[in-house]
1. For the chain, with a Gaussian network of springs between Cα atoms less than 10 Å apart, report the residue from THR16, THR47, THR101 with the top mean-square fluctuation.
2. Heavy atoms only, probe 1.4 Å: what % of the accessible area of the range 3-137 goes to carbon and sulfur, would you let me know?
3. For the range 73-138, run through the chymotrypsin sites (Phe, Trp or Tyr not before Pro) and keep only the ones in DSSP coil with at most 16 other Cβ atoms within 10 Å of their Cβ.
4. For TYR77, what is the net charge nearby, where nearby means another residue's Cβ is under 15 Å from its Cβ and Lys, Arg count +1, Asp, Glu -1?
5. May I ask you to derive the relative contact order of the chain, considering only C-alpha pairs under 8 Å and at least 6 residues apart, and to give it as an integer percent?
6. Can you pull the Rg over Rh of the chain, Cα-only, Kirkwood?
7. Placing unit charges on C-beta atoms (Lys and Arg positive, Asp and Glu negative, everything else neutral), compute the dipole magnitude of the chain about its Cα centre in debye, rounded to 20.
8. For the range 67-135, which GluC sites (Glu not before Pro) are both in a DSSP coil and crowded by at most 12 other Cβ atoms within 10 Å?
Amino acid sequence: MTIICEKFTVHTKGNTDIIDVTNEVKNLVYRHSLKDAVVYVYVAGSTVSITNIEYEPGLLKDLPEILDKIVPVNKEYHHDEMWHDGNGYSHIRASIVGNSTMVPLLEGALQLGQWQQIVLVDFDNKARTRTVHVQILC
Ligand code: ZN
């Protein structure tokens, strides 16, 4: 088995900024002209996530609204008592949503659904630059 390691950076505004990174991933994968592989997409950081969503205006409002209910910004978090960085909610949201996704490559095509995009969601309370690792196992 071979592992091809790629990466790219994303500039975010923070505050549950949802960024479609599907084309970045596709470009990195398709330049290798592979047939079958496993494509693993991972973001480094404890206040940021990688997940899948249909990237359309309704869901881009629904996801933050639901997360606001489950993990509100204005709650007292032990993390904030300890570190005073005000982003306890960011860490919890990132833990729940997760920091990676995996997509099969079959017959040279990433097996994403028609309305399924790969997104980076930055939950931190400020703008950040994130590194996304794409590892291709073939
Ligand atoms: Zn923190």
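1. So, out of THR16, THR47, THR101, the one fluctuating most is THR101.
2. Taking all protein chains in place, the range 3-137 shows 53 percent carbon and sulfur surface.
3. Counting only loop positions with at most 16 other Cβ atoms within 10 Å, the chymotrypsin sites (Phe, Trp or Tyr not before Pro) in the range 73-138 are TRP115.
4. -4
5. 55 percent
6. 1.02
7. The calculated dipole for the chain is roughly 340 debye.
8. For GluC sites (Glu not before Pro) across the range 67-135 that sit outside H, G, I, E and B with at most 12 neighbouring Cβ atoms in 10 Å, the list reads GLU76, GLU107.
The values are calculated or read from the model by the stated rules, or taken from the named source; none is laboratory data. Small disclaimer: the values here were computed from a predicted structure and weren't measured. With ideal geometry, Cβ positions are generated from the backbone for all residues, glycine too; neighbour counts draw on all protein chains shown. Surface areas here come from the heavy atoms of the whole protein model, side chains and all, with no ligands, DNA or RNA. Shrake-Rupley method; radii C 1.70, N 1.55, O 1.52, S 1.80 Å.
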